[in-house]
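The values are calculated or read from the model by the stated rules, or taken from the named source; none is laboratory data. The shown structure was predicted, so the numbers you read here are calculated from the model rather than taken from an experiment. All Cβ positions, glycine included, derive from the backbone under ideal geometry; neighbour counts span all protein chains shown.
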Amino acid sequence: MLTKNDLQQIQRIVKIEVHHETQKVVKKELEAIKEDVTQIRKDVKTIVNFFDTEYLELRKRVERIEEHLKLPASN
């Protein structure tokens, strides 16, 4: 028959092992999530740069049209 001390030792060992195993799983999953976040950041940066460039080009065109038609500058 197991004593209270034996059960406590078994509990400690199980707790440590479960902690180590769950840490491995969480770390592996976290690495995948970090890669996804990195890719999302790159995609967002690309999209923002594209639309910023498009906006600037359109802004130049509008300014040229305003100047040609002698319209007051729009804000």
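Taking the stated definitions as given, is residue 5 surrounded by 10 or more Cβ atoms within 10 Å (Cβ to Cβ), assigned to a helix (DSSP H, G or I) and without any contact (Cβ under 8 Å) to a residue 24 or more places away in the chain? Criteria not met by residue 5.
One line per residue, one yes/no per condition, for (1) touching a helix residue (DSSP H, G or I) at 6+ places or on another chain (Cβ under 8 Å); (2) at pLDDT below 95; (3) not in a helix (DSSP H, G or I):
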| position | (1), (2), (3) |
| --- | --- |
| 12 | no, no, no |
| 25 | no, yes, no |
| 28 | no, yes, no |
| 31 | no, no, no |
| 36 | no, no, no |
| 48 | no, no, no |
| 54 | no, no, no |
| 74 | yes, yes, yes |
